[in-house]
Structures are given as structure tokens and as C-alpha cells.
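Report on the structure given below.
The values are calculated or read from the model by the stated rules, or taken from the named source; none is laboratory data. Values in this document were obtained by computation on a predicted structure and should not be read as measured data. Neighbour counts run over all protein chains shown; Cβ positions are idealised from the backbone, glycine included. Just so you know, the surface numbers come from the protein's heavy atoms only, side chains and all, with ligands and any DNA or RNA stripped out. Shrake-Rupley method; radii C 1.70, N 1.55, O 1.52, S 1.80 Å.
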Amino acid sequence: MGFSLYGPYHIGWLIVITSSVILVSKHFKKLDIKSQTFVQRMLAWFILLFEIVKDIYLIKINEFSVEYLPLELCGLAIFAVFYHAHTNNSMIGEMLYNLFLPGAIAALLFCNWTHRPIYEFMSFFSFIFHLALVMYCVMVLHAGIVKPNRKRIGGSVLFLAVTGSIIYPLNKIWDTNFMFLNVPSPGSPLVPLEYIFGNPGYIFGLAFIILLLWSVMYLPWKKKEKIISELLVK
């Protein structure tokens with residue numbers, strides 16, 4: 001038996017995730033640089049190894065297929081987080097802020113695993129995996145390790161253009177739906193976009209949403225930084 005979007009089970013997870021992210025981010029900011037680096041790398045290793053455990057589990061129950069390859073936006077985030085944890089690269093940090101954090105939050109808000117039984121491993125995995133992604137992005141943002149700069153948006157645009165141009169044909173070949181480039185996720189804002197613009201026309205609607213989101217995310221950063229700090233202090 002699965003669960004419904006914004007039902008008690010889903011809301012419960014969102015509360016746990018929000019609380020955990022706030023508590024960990026507050027604690028992380030108080031650590032010295034050496035300790036912060038240790039936490040970053042441990043969380044990055046956890047995300048990577050957890051993904052491998054998922055694959056082993058799926059192979060064991062004979063459910064593994066090409067659709068479980070890490071080619072979703074959140075799957076690609078595994079490698080971005082791992083690289084960032086070991087380098088604190090500013091361009092990757094920008095992508096954590098404007099691509100992978102919104103992507104992980106969207107995945108949690110519009111789960112595409114609602115058909116999974118609530119006590120099944122894959123249901124727990126999906127929530128915990130995305131929790132870890134959001135936690136990493138928020139804690140490095142709150143600690144000032146990632147400092148958003150609109151001048152670096154071009155790197156994210158290039159990343160989307162390259163990965164999208166590769167993944168879209170792969171979806172056609174493998175009959176998959178990585179990054180929701182072929183079919184909108186049920187219950188997500190992409191569904192009305194498909195109704196309005198058709199398929200694949202809704203992809204242009206998705207691009208517009210991303211631009212709109214970025215226009216909000218890149219409002220004067222100092223003002224938003226103060227608001228975020230106040231929320232985390234409370």
C-alpha cells in the first residue's frame with residue numbers, strides 16, 4: 001500500500017526532514033573548518049554509498065534496470081556533492097544552490113514513489129536520500145561555504161543544456177524518463193504545463209519556471225541570507 005501526496009505519512013516525513021535540516025545546519029555552522037570538512041565528506045560518502053546499497057538491494061530482488069541509473073537531477077547531484085565536499089569548488093557550489101537543492105526539494109514535495117509501500121526499503125531510501133541532499137546543500141549555504149553569485153549562473157545553464165541534450169535521446173532509446181524530460185511527474189507543476197503546451201512543449205514551460213525560480217533565488221543575497229539566518233536561529 002502506497003501513500004498520498006500531502007497525506008499524514010508524507011507530511012510527517014516533511015516535518016522530520018525540515019527539522020533535521022535546520023538542527024544540523026545550525027550545528028554545522030558552529031564547527032571549525034576542519035570539522036566542517038569532515039562532516040561534508042562523511043555526508044558525501046554516505047550519499048554515494050547509500051545509492052550503491054540501493055542498487056544492490058534492487059539487484060537482489062531482481063528489480064534493477066536501466067531506469068535506476070543515477071541520471072536524474074538528484075542522481076547527478078551525488079557526484080556534484082562528492083566533488084564539492086572534497087574541493088569546495090565555487091561553480092559546483094553554485095549548482096548545489098540553483099539546481100540540486102531546488103531539485104531535491106521538488107522531489108520531496110512531489111514524490112514520484114507514492115506507489116511504493118510505506119514500509120518498503122525504497123520508500124525509506126527515497127526520503128532519506130533526498131533529505132541528505134537537501135541537508136548538504138543547506139548546511140554549506142548557511143555556513144557560508146557556498147556564496148551564491150548570479151555571475152555563475154551560466155555554468156548551470158551549460159550543465160542543463162549538455163545533460164539535457166544527452167539524456168533526452170537516451171530516454172527515447174531506453175524508454176525511460178530521466179529528469180522528467182519525456183513525461184511530467186504525476187502531481188507536479190509539470191502536469192498543467194503539459195496540458196497547456198503539450199509534449200514535449202512543456203519542457204519550454206519548465207525552462208520558464210527555472211528562470212522564474214532563479215529570479216527569486218537571486219534577489220539581493222544579503223537580504224535573503226539575513227532571513228535564512230533568522231529562521232535557523234529561532
Hits in the range 34-65 - residues which are over 16 Å from Phe125 (Cα atoms) and in contact with a Phe, Trp or Tyr (Cβ under 8 Å, 6 or more places away or on another chain) = Gln36, Val39, Gln40
Which one is farthest from Ile145 (Cα to Cα), of the residues in the range 1-11 that are over 19 Å from the mean Cα position of the chain (by Cα) and assigned to a helix (DSSP H, G or I)?
-> Pro8
Within the range 53-75, can one find any residue that is open to solvent by less than 20 Å² (accessible area, probe 1.4 Å) and among the basic types (Lys, Arg)?
-> yes
Could you figure out which of (1) open to solvent by 60 Å² or more (accessible area, probe 1.4 Å); (2) within 19 Å of the chain's Cα centre (by Cα) isn't true of Lys29?
-> (2)
Test Tyr83 against the criterion of being among the aromatic types (Phe, Trp, Tyr), modelled with pLDDT of 95 or more and over 18 Å from the mean Cα position of the chain (by Cα), and give yes or no.
-> no
Residues of the range 108-140 satisfying the condition of being surrounded by 21 or more Cβ atoms within 10 Å (Cβ to Cβ) and at pLDDT below 95 = Cys111
Qualifying position, being open to solvent by 20 Å² or more (accessible area, probe 1.4 Å), small (Gly, Ala, Ser) and within 19 Å of Pro148 (Cβ to Cβ), among Ser90, Ser35, Ser20 | Ser90
Hits in the range 162-197 (condition: more than 26 Å from His115 (Cβ to Cβ) and open to solvent by less than 60 Å² (accessible area, probe 1.4 Å)) | Thr163, Gly164, Pro169
